[in-house]
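What follows is one structure encoded as structure tokens, with my remarks underneath.
The values are calculated or read from the model by the stated rules, or taken from the named source; none is laboratory data. Keep in mind that this is a model prediction, so the values were computed, not measured. Heads up, the Cβs are rebuilt from the backbone with ideal geometry, glycines too, and the neighbour counts pull from every protein chain shown. Surface accessibility is based on the protein's heavy atoms, side chains included, excluding ligands, DNA and RNA. Shrake-Rupley method; radii C 1.70, N 1.55, O 1.52, S 1.80 Å.
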Amino acid sequence: MRIGERVADSGLSPDDLSGRSGIARSRLDELMAGAEPTVVELRDLAAALRISISDFLASTEPEREVSLLFRQTIAPSRKRASRKPVDNLSTKVAHAFELLPDEETGPSWPSELRPLGHAYKDAERLASAFRDRFFDGNDVAPIPELPRIAVGRMGILLYLVDSGEFEGASALLKARPFVFLSRRTFTPRMLFTLAHEIGHLLAHDDSQDFAVLDIPSDVEQLRARGRPEEAFVNAFASCLLLPPAGVGVALRKIREVLGSKKDGVGDVELLYLARVFAVSFQVAAKRCEDLGLIPRGGAASLDEHMRRRRSNPEKYAEELGLPARPDIEFPALPPTLLADAVEGIRSGRVSIGRASSILNLSIADIFRVHAAAWQPR
Amino acid sequence: MATEVVLDACTIITLDGCGALDVILLIEGYDFYLGPIVEGECRPGCGTALDGHIAAKRLTRVPVADVPATLFLDLLQRYRLGDGETECLTVCGGLDYLIATDDMAARRAATELYGAEKLTGSVGLLRIAVTRGLLTPSAAMGYYNRGRRAGAFLPDIGEDYFRP
């Protein structure tokens, strides 16, 4: 049993855990020392740690396999710090496969949409092909509905997780695409990370299972660092969210609205562009740099200048009264997984209690989903 | 001697949702129990109903000591069911109770462990209520239909099932 390990992972002090679980501090010490818990203590500890009781059991073979795939892409210096998020993601993936039907295969696009190389022009081409396939060929409009496209037409199992340790993660396992996004209050950052992770799914060889964990600097938009693939998928994300034709049309209109007379693109135009395309100021600035609309190195300089003078681009945009970004909505749960879970309960592939624990929904919630989807004859 | 039945959360939620729990818990010769984890799974939705039935002694809490953690964890690992379903299997194993669950995977595990004779569910309990004269077959069918409409996971049956 992994009570000690799970408590250590939580980062909670024994006093905090005692307060949250209602288990006396002296009893908690006994449990940590190996005393056998009662089921009520297991339940209360699991609730306090926000995990299920089964998480106290040793990890399963599928969890270990997924964990190994994630670890292969993590630099040795980061392996120790990544253990907890990797364990969490591996558990989520293994649990998803308990709910998914065995016989169904994943979507075909990972083998059909492939980059020709890893240069910037390849990222541009891939983003254009992506818009052709999933956005009705529209190469102008902003794409704030990317999360809906991801879980719908693309069949991605998209999860939102609470983690300060990583920005996003993706995996292709048994032909099933998974994306994990860390919840952020600034949703344009999550949108960029989603596009970045889709880039990973497209850039990888689809014939093999893979998993990638991205820390914030991997999804850094202004200064590409780390693995070469990160630069390519960052470029893909920029090209997808800010298509060249769309940027051209938007900048022309923005200049009209602002009554700009001077040549070049300044900080106000970039702030406006960021709002229109549901991205951050930094992403808009870097994209304009890559499109040759501002000089090389200009994005970083503008960002630095903005932060020195204004402290925060978003505050400045508010002061200027620029229009708000379009809403970006992320589903709380992969909708296909919910439907597969209900089907699995009906067929006896998974129990309702297990599905409820995996999906973090109450049994009564699953009844409601069932009632809405399956009307009795 | 009374037949002792440990209720799973899906059965409690189904019976409470369709309005039949009050009737089922009155079946003579049957004592009904719920474990601490199942109770947690039923709250808050069925909380008021459970409090009333427990206070009226129509429903009894299984003492924590009667749910041995070692057996519970062993069954959890073996069957990969939910915590409440596993708790029911644990109680059934330790105390020789009947298990009432509507979940197909849990029913399969219970049959494998203890045999089909140790198993019942919402429709089985409704049928017993009919045989004891607490319900007519058409009233039982009405509860069944109401439960299905509320999303309960119940098998396809007709009114004949409830006819003695």
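Loop-located trypsin sites (Lys or Arg not before Pro) in region A:261-320 (DSSP state not H, G, I, E or B) with no more than 13 neighbouring Cβ atoms inside 10 Å: A:Lys261, A:Lys262, A:Arg296.
Once you charge only the Cβ atoms, +1 for Lys and Arg and -1 for Asp and Glu, what is the size of the charge dipole of the protein assembly as shown about its Cα centre, to the nearest 20 debye?
Charge dipole, the protein assembly as shown, about its Cα centre: 1580 debye, nearest 20.
Taking GluC sites (Glu not before Pro) in DSSP loop conformation with at most 12 other Cβ atoms inside 10 Å as exposed sites, chain A has its longest uninterrupted site-free stretch at A:105-328.
Per residue, chain B exposes 41 Å² of accessible surface when a 1.4 Å probe is rolled over the protein heavy atoms with every protein chain present. Annotation for A:Ala371 and A:Glu65: the two label points, set 7 Å from Cα along the Cα-Cβ direction, are 3.9 nm apart. In region B:1-47, what GluC sites (Glu not before Pro) fall in a loop by DSSP, with at most 16 other Cβ atoms inside 10 Å? Taking region B:1-47 and a limit of 16 other Cβ atoms within 10 Å, the loop GluC sites (Glu not before Pro) found are B:Glu28.
For A:Leu158, the residues whose amide H sits under 5 Å from its own are A:Val179, ignoring neighbours fewer than 5 places away on the same chain, with H placed 1.01 Å from N. Report summary: the helix-based calculation at 222 nm, which adds -39500 (n - 2.57) for every DSSP H run with n ≥ 4 and divides by the residues of chain A, gives -17000 deg cm²/dmol. By the helix-only formula, in which each DSSP H run with n ≥ 4 contributes -39500 (n - 2.57) and the sum is divided by residues, chain B has a 222 nm mean residue ellipticity of -15500 deg cm²/dmol.
Under unit Cβ charges (Lys, Arg +1; Asp, Glu -1), what dipole magnitude, rounded to 20 debye, does region A:54-146 have relative to its Cα centre?
In total the dipole reaches around 800 debye.
Each other residue within a Cβ distance under 11 Å of A:Ala129 adds +1 if Lys or Arg and -1 if Asp or Glu, for a net charge of -1.
Taken as Cα centroids, region A:1-58 and region A:313-344 sit 34 Å apart, rounded to the nearest whole angstrom.
Model label points for B:Thr131 and A:Asn360, set 7 angstrom from Cα along the Cα-to-Cβ axis, are 4.5 nm apart. Taking R0 as 51 Å, what's the FRET efficiency between B:Leu95 and A:Asp205 from their Cβ-Cβ distance, rounded to 0.05? Calculated value: 0.40. For region B:44-153, applying the loop criterion from DSSP together with a ceiling of 10 other beta carbons within 10 Å to the trypsin sites (Lys or Arg not before Pro) yields B:Lys57.
Summarise the partner chain shielding of B:76-88 as one whole number: the mean count of Cβ atoms from other chains within 10 Å of each residue's Cβ.
Values: counts 8, 4, 0, 2, 8, 7, 13, 11, 8, 5, 6, 4, 1.
Per residue, the average neighbour count from other chains is 6.
Helix A:363-373 and the longest principal axis of the Cα set of chain A meet at an angle near 60°.
How many percent of the accessible area of region A:242-377 is carbon or sulfur, using a 1.4 Å probe? Could the numbers behind the result be given before it?
On the way: 3320 of 6450 Å².
Looking at region A:242-377 in its full context, I get 52 percent from C and S.
From the mean inverse distance of alpha carbon pairs (Kirkwood) and the Cα radius of gyration, derive Rg over Rh for region B:3-162.
Values: Rg = 14.7 Å, Rh = 15.6 Å.
On the Cα set of region B:3-162, Rg over Rh gives 0.94.
For region B:3-162, a crude dipole built from +1 on the beta carbon of Lys and Arg and -1 on the beta carbon of Asp and Glu, taken about the Cα centre, is about 260 debye to the nearest 20.
Under the criterion of Cα pairs below 8 Å and six or more residues apart, the relative contact order for chain B equals 28 percent. Scanning the protein assembly as shown for cysteines with no neighbouring cysteine C-beta under 4.7 angstrom from their C-beta gives A:Cys239, A:Cys288, B:Cys10, B:Cys18, B:Cys88, B:Cys92.
Once the 1.4 Å probe is applied to the protein heavy atoms, region A:23-82 comes out at 52 Å² accessible per residue. Compute the relative contact order of chain A as a whole-number percentage, counting only Cα pairs closer than 8 Å that sit 6 or more residues apart in sequence. Relative contact order for chain A comes out at 16 percent.
Between B:Ala106, B:Ile12, B:Leu75, the Cα set farthest toward the positive side of the dipole of chain B (charges on each charged residue's Cβ, about the Cα centre) is that of B:Ile12.
The portion of the accessible surface of chain B made up by carbon and sulfur, rounded to a whole percent, is 51 (1.4 Å probe; DNA, RNA and ligands excluded). Chain B and chain A together bury an accessible surface of about 2800 square angstrom, both sides counted, with a 1.4 Å probe and no ligands or nucleic acids included. For chain A, the longest principal axis of the Cα atoms and the long axis of helix A:298-310 meet at an angle of about 80 degrees.
Counting heavy atoms of the protein chains alone, A:Leu338 has an accessible area of about 40 Å² for a 1.4 Å probe.
Full-extension gain between A:Lys261 and A:Ser111, please, as 0.36 nm times their residue separation minus the C-alpha to C-alpha distance. Could you put the intermediate results ahead of the total?
Working: separation 150, 0.36 × 150 = 54.00 nm, distance 4.74 nm.
Length gained, A:Lys261 through A:Ser111: 49.3 nm.
In a fully extended conformation the segment linking A:Val249 and A:Arg78 would gain 57.3 nm over its present Cα-Cα distance, using 0.36 nm per residue.
Tally Lys and Arg at +1 and Asp and Glu at -1 over the other residues with C-beta under 14 Å from the C-beta of B:Leu59: what net charge comes out?
Details: positive: B:Arg43, B:Lys57, B:Arg58, B:Arg61; negative: B:Glu4, B:Asp8, B:Asp16, B:Asp22, B:Asp31, B:Glu39, B:Asp51.
Neighbourhood net charge equals -3.
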